[in-house]
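Below is one structure, written out as C-alpha cells; the observations come after it.
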Amino acid sequence: MHITMIGSGYVGLVSGVCFADFGHDVICVDKDVGKIEALLKGEIPIFEPGLEQLVTDNVRAGRLSFSTDVETSVAASDVVFIAVGTPSRRGDGHADLSYVYAAAREIAEHVKGFTVIVTKSTVPVGTGDEVERIIRETNPDADVAVVSNPEFLREGAAIEDFKRPDRIVIGLNDDRARSVMTEVYRPLYLNQAPLLFTARRTSELIKYAANAFLAMKITFINEMADLCEKVGANVQEVSRGIGLDGRIGAKFLHAGPGYGGSCFPKDTLALAKTAQDYDSPVRLIETTISINDNRKRAMGRKVIAAMGGDVRGKTIAVLGLTFKPNTDDMRDSPAISVIQTLQDGGATVTGYDPEGMDNARQVIDITYAPDAYRAAQGADALVIVTEWNQFRALDFARLKSVMNAPVLVDLRNIYRHDEVTKHGFVYTSIGRPM
Ligand code: UGA
C-alpha cells in the first residue's frame, strides 16, 4: 500500500512510522519545513521511547520518507491519513477543525484514482461528513471514500500501543474502503487484533467516549482518595479491591494530582460541547472536567498544608514536570497548577524533569536543576508530581543531608510510608493513612 500521512506531529509520526514497519510505503508530510528537514536528518522532534530506532530502520529500508510536497505524495497514494492537530478553540472549547478542513481541501486537489481518505485526528461527530462534502465541492471528480480511524495511543507507550492494540476502530459509509483498511492493518489483523467496523459517526464518537470514560475513571478514584483521607482508608487497596472485579478492571485507577496531557482535557471538553449542542448534555463528563480542574490547584494547597500551612519565603523542590512519565509533553500538566499555587503562596520553586525541562521553560518560570538532588538542595520540601522511574529509588539519606527540612509530598504514591519515614522524613501521599 502507498500511504500518505498528512501531519507529522505525534499521532502522524508514530502511525506513519509503524505503518512503514508493517511493510507499507509511507510518506509523512508536514507544512513545517523545519520539522521535515530535521526528520530527513534523522532528528525526531518528540521524545517517544523506541521511535528514533524505528524511523532509522524504516528510512534505511526505503519504506519511509518525509516531505513537504502534498501533491506528489497524495497523487501516488492508495490511502491518505489526516493526522493534523485539533486544538481546543480559544474561547468556546470546541475542537478547532481548520487544519483538518484545510488538509481535506488540499488532498481533494491532488487525488488520482480511487483513494481512501482517513481521519486519524480526534474529531467531533460529523467531521467525516464535512470532510467528504469539502472534497466533493473542491473536486467533483474525486473518487474517494472518507473513513474515520481514531487512534488510542498513549504517549510514552505509543509504539507498543500501535503494534498491540486492544482494538482497531474503523468507521465507514462506503464498503469499498473496508478491504483497503483491512489491508492497511493486515499484520495486526493476522495477529488477531479485533478490527471493529462501524458507521463513520459511531467511530468518531467511540474515540471521545473512550477518553471521557478513562478521564472519569481517574477522577472517580481521585475523589475516593480524598474520601479515604477523611475516613482513614487506603485508596490503593480500594483500587485493587474494586479493580479485581472484571466489570470494573484494574487499569486507570491510580489516584494522583489529576489528569493532564494533550488529550483528556481537550477531548472531555469537546465532547461536553458537542453534547450540549445536540441538547443531550453529558453531565458526568461536565462534572469530571470541573473536578479535575479544581484538583490541580487543590494539590498545590495539599503541599502547603503538608508544610504547616504557610510557604511564604520557603523553597520547594518539584520532581517531575511533564503530565506523565516517558514524555516531554507539558500540555495541561498538573505540575503547572501545583507550582502556580505554591508561587502564589510566596514559595520559591526549583524543578527537575528528566525530559520535559525545555518545554517546561516555555510555560513555568522557576529555577531548573540538573537532577533531583540538586533540586532538593536547601529545600524545605520535596514534591513528586510525576512518577518517572528514576524517582522511585531516591537516596533519602543523601536528600536529607542536602535539604533544609526533610518533608516529602508524594502526589503519585510511589513510596510506602515506612520506607520514607524511617529516614526521618515527614511523608504525605494521596489517599493513604499516615
Ligand atoms: C490518552 C489515552 O490513554 C489514549 O488511549 C489516547 O489515545 C490518547 O489519550 C489520545 O487521545 O491521543 P495519554 O494522554 O498519552 O493517552 O496519557 P494517559 O496514559 O492516558 O494519561 C493521561 C493522564 O491521566 C496523565 O496525566 C496521567 O498521569 C493520568 N492518569 C492516568 C492518572 O492520574 N491515573 C491513572 O490511573 C492513569
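The values are calculated or read from the model by the stated rules, or taken from the named source; none is laboratory data. Everything quoted here is computed from the prediction, not taken from an experiment. Reconstructed Cβ throughout: ideal geometry from the backbone, glycine too, with neighbour counts over all protein chains shown.
Could you please let me know if Gly313 is assigned to a loop (DSSP other than H, G, I, E, B), more than 16 Å from the ligand (Cβ to nearest atom), of a type outside the set (A, V, I, L, M) and touching a residue at least 24 places away in the same chain (Cβ under 8 Å)?
So Gly313 fits the description; yes.
Answer with yes or no whether Thr327 is touching a helix residue (DSSP H, G or I) at 6+ places or on another chain (Cβ under 8 Å), assigned to a loop (DSSP other than H, G, I, E, B), within 14 Å of the ligand (Cβ to nearest atom) and of a type in the set (Val, Ile, Thr).
no
For Val70, indicate whether it is under 19 Å from Lys163 (Cβ atoms), surrounded by 14 or more Cβ atoms within 10 Å (Cβ to Cβ) and outside the structural domain of Lys324 (by TED's automatic domain parsing).
no
So Glu286 clears everything in (1) closer than 27 Å to Val426 by Cα; (2) free of Cβ contacts under 8 Å to residues at least 40 places away in the same chain except one condition, right? Which one?
If we test Glu286 against (1) closer than 27 Å to Val426 by Cα; (2) free of Cβ contacts under 8 Å to residues at least 40 places away in the same chain, just (1) comes out false.
Looking only at residues that are within 16 Å of the ligand (Cβ to nearest atom) and polar (S, T, N, Q) in segment 180-228, which one is surrounded by the fewest Cβ atoms within 10 Å (Cβ to Cβ)?
Ser203
Out of the residues in segment 378-394 that are within 16 Å of the ligand (Cβ to nearest atom) and part of a loop (DSSP other than H, G, I, E, B), which is farthest from the chain's Cα centre (by Cα)?
Arg392
Just checking, which of Ala335, Ala397 is crowded, with 21+ Cβ neighbours inside 10 Å and assigned to a helix (DSSP H, G or I)?
Checking each option against the conditions leaves just Ala335.
Give just the number: which of (1) touching a Leu at 6+ places or on another chain (Cβ under 6 Å); (2) closer than 16 Å to Gly431 by Cβ does Ala212 not satisfy?
(2)
Yes/no matrix, rows are residues, columns are (1) buried (at least 20 other Cβ atoms within 10 Å of the Cβ); (2) outside the structural domain of Lys266 (by TED's automatic domain parsing); (3) charged (D, E, K, R):
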site	(1), (2), (3)
Gly320	yes, no, no
Asp344	no, no, yes
Met357	no, no, no
Tyr373	no, no, no
Val385	yes, no, no
Val402	no, no, no
Val426	no, no, no
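Report yes if Glu223 is closer than 21 Å to Ile414 by Cβ and out of contact with any Phe, Trp or Tyr (no Cβ under 7 Å at 6 or more places or on another chain), otherwise no.
yes
All but one of (1) within 21 Å of Val84 (Cα to Cα); (2) more than 15 Å from the ligand (Cβ to nearest atom) hold for Asp141; state the number of the condition that does not hold.
Only one criterion is unmet by Asp141, namely (1).
Need a quick list: helices (runs of 4 or more DSSP H) entirely within segment 127-217 having at least 1 residues that are of a type in the set (Ser, Thr, Tyr) and over 20 Å from the mean Cα position of the chain (by Cα).
Output list reads 127-138, 176-184, 186-190.
Mind checking which residues of segment 275-310 are within 13 Å of the ligand (Cβ to nearest atom) and over 18 Å from the mean Cα position of the chain (by Cα)?
Ile291, Arg295, Met299
Mind checking which residues of segment 87-107 are touching a residue at least 40 places away in the same chain (Cβ under 8 Å) and part of a loop (DSSP other than H, G, I, E, B)?
Pro87, Asp92, Gly93, His94
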